[in-house]
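Down below is the structure, laid out as structure tokens.
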Amino acid sequence: MPKKYYGLSNDYLFKKVFGRKEYCRQLLNDIFFKQVGSITYLNREFKKENKELSYGICDVLLKTDASIILLEMQNKNLHYIEARIILYIASIYLEHYENTDYGSVQPVEVCLILNYPYGDKKSLKEYQMLEVTLKERFGKYIDVKVWNLKETLKEKNTIGFKYAQLFCLKNYSYKKSKKILEELSKEERFKEIIKKIREYNMNKKEYQKMKEEERMEMTFEQATSGLIAHAKEEGQRIGEKRGERRKQMEVAKNLLAEGFPVELISKVTKLSKQQIRKYQNS
């Protein structure tokens, strides 16, 4: 028998439960008021690391008929939440829309679950403003919805409150957790999810995996260092390429002034004839 129940805020259990389409669809509808039809998981293995860029990515990433949805469970206040969301979304667009016709680009909808108090620096108002400011900056391409468990636990007898209890089971005693599960299992919408919660908590191997996941924490710097390093490297490469092109254009300018033919200048500078003629005309 476990000493405590792990709830849905556990990263491992979260992915196992909401890796099931029916439970994911239900959560999106009940909490984030998003009615989705077809679901395709884009990170089927739900790994924390992107092999190429080595940055922390979302918990569950899925594609629907209308958008890509980033379902993120955040247990620790890593600060810079707006910067993190923008980095996540940028990585999604880079990975899934490279060499794609811009007209077919779908919006990214972020469903962010926070499991810590807002505190003095991050008030409820600031999180509400986060949703508004990102919408103003990016229009239809980014939609952010924030659900805070600590705040929801103050709202007794609501659907959100019941979900929040399932997320925060480890905050209660074993006896209290067991009682919560017994009560909520009487409701049809929670019955199957609770079966999964019990199944993983009662399985020694799975319980150990949940325990190990609890110990894993990632700082903002760790979560974004790979992506930032990649961006710097790419910026440097582009800068060097532009610098080289400026030198070539300077040589082309001098040769044009001396009256050399465009064909010869193209061979010397490796610029296209069209580029040289364009520069000549300007």
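Within the range 257-267, the presence of a residue that is in contact with a Phe, Trp or Tyr (Cβ under 9 Å, 6 or more places away or on another chain), modelled with pLDDT of 80 or more and of a type in the set (A, V, I, L, M, F, W, C) is excluded. Within the range 150-171, none of the residues are among the acidic types (D, E) and surrounded by 19 or more Cβ atoms within 10 Å (Cβ to Cβ).
Please go through the range 261-272 and pick out each residue that is charged (D, E, K, R) and either surrounded by 12 or more Cβ atoms within 10 Å (Cβ to Cβ) or closer than 16 Å to E244 by Cβ (or both). Hit for the range 261-272 is K270, nothing else.
Only one of the listed residues (E199, E250) is over 25 Å from the mean Cα position of the chain (by Cα), at pLDDT 90 or above and surrounded by 10 or more Cβ atoms within 10 Å (Cβ to Cβ). That residue is E199.
Here I193 passes the criteria (1) of a type outside the set (G, A, S); (2) in contact with a Phe, Trp or Tyr (Cβ under 6 Å, 6 or more places away or on another chain); (3) closer than 21 Å to Y116 by Cα except the one numbered (3).
S54: polar (S, T, N, Q), over 15 Å from C111 (Cβ atoms) and at pLDDT 85 or above, yes or no?
So S54 fails the test.
Exactly one residue out of K178, K145, K135, K170 is touching a strand residue (DSSP E or B) at 6+ places or on another chain (Cβ under 7 Å) and touching a residue at least 40 places away in the same chain (Cβ under 8 Å): that is K145.
Residue under question is Q106, and the condition is that it be closer than 26 Å to E187 by Cα, polar (S, T, N, Q), modelled with pLDDT of 80 or more and not in a strand (DSSP E or B); does it hold? No: the conditions fail for Q106.
The values are calculated or read from the model by the stated rules, or taken from the named source; none is laboratory data. Note that the structure is predicted; figures quoted are calculated from it, not measured. Positions of Cβ are generated from backbone atoms using ideal geometry, with glycine treated the same way; all protein chains shown enter the neighbour counts.
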